[in-house]
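What follows is a short report on a single structure.
The values are calculated or read from the model by the stated rules, or taken from the named source; none is laboratory data. It should be emphasised that the depicted structure is a prediction, and the values quoted were computed from it without experimental measurement. Because the Cβ atoms are built from the backbone with ideal geometry, glycine has one as well, and the counts that use them run over all protein chains shown.
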2 protein chains.
Amino acid sequence: MTTVNRRKFIKGAAAGGLASTAVAAPAIAQSMPEVKWRLTASWPKSLDTLYGACENISKRVAELTDNKFQIQPFAAGEIVPALQVLDAVQNGTVECGHTALYYYFGKDDAFVFGSALPFGMNPRQQNAWLLHGGGQQLLNDFLKKYNAHFIPAGNTNCQMGGWFSKPIQKADDLKGLKFRLGGFAGKIMQKVGVIPQQIGAGDIYPALEKGTIDGAEWVGPYDDEKLGFVKVAKFYHYPGWWEPSSTGGFICSPEKLAALPKQYREALNSACAETNMWTASKYDAVNTPALKRLVGAGAQLTPYSPEVMDACYKAAQDLYTEINAKNPEFKKIYDSYTAFQNDSYLWTQVADHTMDAYMIRYRNAK
Amino acid sequence: MTTVNRRKFIKGAAAGGLASTAVAAPAIAQSMPEVKWRLTASWPKSLDTLYGACENISKRVAELTDNKFQIQPFAAGEIVPALQVLDAVQNGTVECGHTALYYYFGKDDAFVFGSALPFGMNPRQQNAWLLHGGGQQLLNDFLKKYNAHFIPAGNTNCQMGGWFSKPIQKADDLKGLKFRLGGFAGKIMQKVGVIPQQIGAGDIYPALEKGTIDGAEWVGPYDDEKLGFVKVAKFYHYPGWWEPSSTGGFICSPEKLAALPKQYREALNSACAETNMWTASKYDAVNTPALKRLVGAGAQLTPYSPEVMDACYKAAQDLYTEINAKNPEFKKIYDSYTAFQNDSYLWTQVADHTMDAYMIRYRNAK
């Protein structure tokens, strides 16, 4: 695109009265109050992408406030366990946390919209819905009764579909499969015959090695590589349809947020917004070399077959129908989310997807 | 993904000595200096997405500095014409601007990497390269001699491929075609026989209507709709391979940036980073309903044929070979850019593209 608009050209405006002066001395105020918050994360420090998001928020908030507003991040387990971040914020143990809201689906299935809906939106769509489609507001209305305020602050992008010792080719291959995966998607997996396994990070590898589980999903190439799965389960399935986009959420107490000086509140909003893209871009930058290393180490990249995808898609829709029938808060957000998603794919499929498809075909043909 | 890490659980940490206090009084400093900058944009106010990016940067910088750092945006032509933003920054007419760096390819073809390379990276890849692949640094090294510093601050996402009264089906259809398009891509178009036309926004519609040009590209559904092309040229081609991602750039004088109080400099960095995603998400949110309206008004969505795409792709590679042979600064950035892009598509094609392809197929089958 090129814009040429000379009509309003104001000749000589450069010499006009609006010239400004840069100020050299960083005369930052003594009177900006010191505020210290603690952030409890759902991530161990070894997940340097997601824990890195917490460190980045902390760093940027400090830089934006002349170090007066300090948020100290703590890894999972240092203050509370990984899955108790919401509770710790809700009951005031800490001022804030960084988590994936779908961890709390046991309290209410509506939490999933804050991070990832199986067969839901892709990262760009999810950001558009959160920022410009009313999504963040809907989630914050829902979160009021948990005394929590949510700001998107990181994204893993579409995740991988897990590691298996045998490829999953037919829908029947899912029956009786002991598959380690997190949370809400287990409800869908059960409908197609999988026996979901909840196992913490450190215990997955030995379980795969011993054969007490048949497969395991974690995140994507960069994070998965650290857990060593490729040594014991070669078939690396994709896509992770349960997380087409997975938003990491900064949460804090609405009261504590309101009590901040306005400038600090805006610093926090900016730091989270900046971190939302910083984290997603970091994942893109580090996943590529990790994927190459994994393939070099013997990973067999294997798409889920259309039959397997279709069985899971149908099971997901059945589950959403059931939840919508009994949970009006879920339905309220679901209706907004799916309307936005359905429309969005109309646009996604035109310019962007066609361009990517061409570049991928061309690259593979070289 | 679910992380359960109870090993490091520190029981009772909540009651420990790290508890913090929220501060209610927004006691913002008197001593933060007032700084006023003028921003000249390459956009008219009617482009509320791109001009909106300028307004958003201004708004966020003010909010992050208690209104002490004020950036006043001016539309194209109010201070200098649309395509003289770089010059206005370089010679000190204004402190900063918002533009697309490829407008300045006449000075040096290397400018294109700051906004869009034909058949280049998609938006996520470009952000990953800029933020985590050394791209922004490379561009700023290059920009030193233009007395300009670049911060990514907006993205249109993949653009559309233009409006035509007849569909472009064969490579031969390009020969002699009078096509209005902006800048650098015209060099590629000439290689395939197109006669590129440089026409400002307001003059495109009458030229299309009178038939003095055969086609015209602008941006995408939302921006194109405003210019009314659908009434005179029904065939809406895609993708706009000359802009698979198009970054809007905030530019300012490095000296004036260095002279800012550190906190203001960080506010500017955050505001631009936030606006980078805000603008791209806004485009996603508004393009979808615009596309529906355009199709309702008679637009015939028409993909460029593989033959046409291949002819243009080959012409682009030929052009890059020619420029690389004589322009070492272009080649330095090109080598970094294309290495990153080539690797990135390895990852793009696996989880994300496969997931999108499934959702698009499913949506269309409904």
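Scan the range A:182-233 for residues that are out of contact with any Phe, Trp or Tyr (no Cβ under 7 Å at 6 or more places or on another chain) and of a type in the set (S, T, N, Q) and jot them down.
Once the filter is applied, which keeps residues that are out of contact with any Phe, Trp or Tyr (no Cβ under 7 Å at 6 or more places or on another chain) and of a type in the set (S, T, N, Q), the range A:182-233 yields A:Gln190, A:Gln198, A:Thr212.
Go through the range B:216-232 and count every residue that is crowded, with 24+ Cβ neighbours inside 10 Å and over 26 Å from B:Gln126 (Cα atoms).
1
Is at least one residue of the range B:304-323 at the interface with chain A (Cβ under 8 Å from one of its Cβ atoms) and in contact with a strand residue (DSSP E or B) (Cβ under 7 Å, 6 or more places away or on another chain)?
no
Please go through the range B:204-233 and pick out each residue that is charged (D, E, K, R) and over 27 Å from B:Lys282 (Cβ atoms).
B:Glu209, B:Lys210, B:Asp214
Quick one: in the range A:314-340, of everything that is β-branched (Val, Ile, Thr) and touching a residue at least 40 places away in the same chain (Cβ under 8 Å), which residue is surrounded by the fewest Cβ atoms within 10 Å (Cβ to Cβ)?
Within the range A:314-340, the match that is surrounded by the fewest Cβ atoms within 10 Å (Cβ to Cβ) is A:Ile323.
Tell me the residue from A:Ile151, A:Ile188 that is modelled with pLDDT of 95 or more and either closer than 25 Å to A:Cys96 by Cβ or out of contact with any Pro (no Cβ under 8 Å at 6 or more places or on another chain) (or both), please.
Exactly one residue qualifies, and that residue is A:Ile151.
Please find, within the range B:254-280, the residue that is farthest from A:Ala271 (Cα to Cα) out of those that are more than 7 Å from chain A (Cβ to nearest Cβ) and among the hydroxyl-bearing types (Ser, Thr, Tyr).
Looking at the filtered set, the residue picked out is B:Thr279.
Does at least one position in the range B:3-17 carry a residue that is at the interface with chain A (Cβ under 7 Å from one of its Cβ atoms) and modelled with pLDDT of 95 or more? Step through it out loud before you land on a result.
In the first step, residues of the range B:3-17 are kept if they are at the interface with chain A (Cβ under 7 Å from one of its Cβ atoms); the result is B:3-10, B:13-14.
Now narrow it down to the ones that are modelled with pLDDT of 95 or more: none.
Checked against the condition, which is being at the interface with chain A (Cβ under 7 Å from one of its Cβ atoms) and modelled with pLDDT of 95 or more, the range B:3-17 yields no hits at all.
Could you list all residues from the range B:281-294 that are within 7 Å of chain A (Cβ to nearest Cβ) and small (Gly, Ala, Ser)?
Within the range B:281-294, B:Ser281, B:Ala285 qualify.
Inside the range A:37-74, can you point out the residues that are under 28 Å from A:Leu227 (Cα atoms) and within 7 Å of chain B (Cβ to nearest Cβ)?
A:Ser42, A:Trp43, A:Pro44
If you take the residues of the range B:230-244 that are outside any loop (DSSP other than H, G, I, E, B) and more than 7 Å from chain A (Cβ to nearest Cβ), which of them is farthest from B:Gly182 (Cα to Cα)?
B:Lys231
For the condition surrounded by fewer than 24 Cβ atoms within 10 Å (Cβ to Cβ) and either without any contact (Cβ under 8 Å) to a residue 12 or more places away in the chain or among the β-branched types (Val, Ile, Thr) (or both), what is the one hit in B:Ile195, B:Ile251? Working first, answer last.
Working: B:Ile251 fails: surrounded by fewer than 24 Cβ atoms within 10 Å (Cβ to Cβ).
Just a single option satisfies the conditions, and that option is B:Ile195.
Quick one: count up the residues across the range B:238-248 that are surrounded by 24 or more Cβ atoms within 10 Å (Cβ to Cβ) and either more than 18 Å from B:Met309 (Cα to Cα) or more than 14 Å from the chain's Cα centre (by Cα) (or both).
Going through the range B:238-248 one residue at a time, the tally reaches 4.
From the list A:Gly193, A:Gly200, exactly one residue is of a type outside the set (A, V, I, L, M) and modelled with pLDDT under 95. Which is it?
That would be A:Gly200, the only listed residue that is of a type outside the set (A, V, I, L, M) and modelled with pLDDT under 95.
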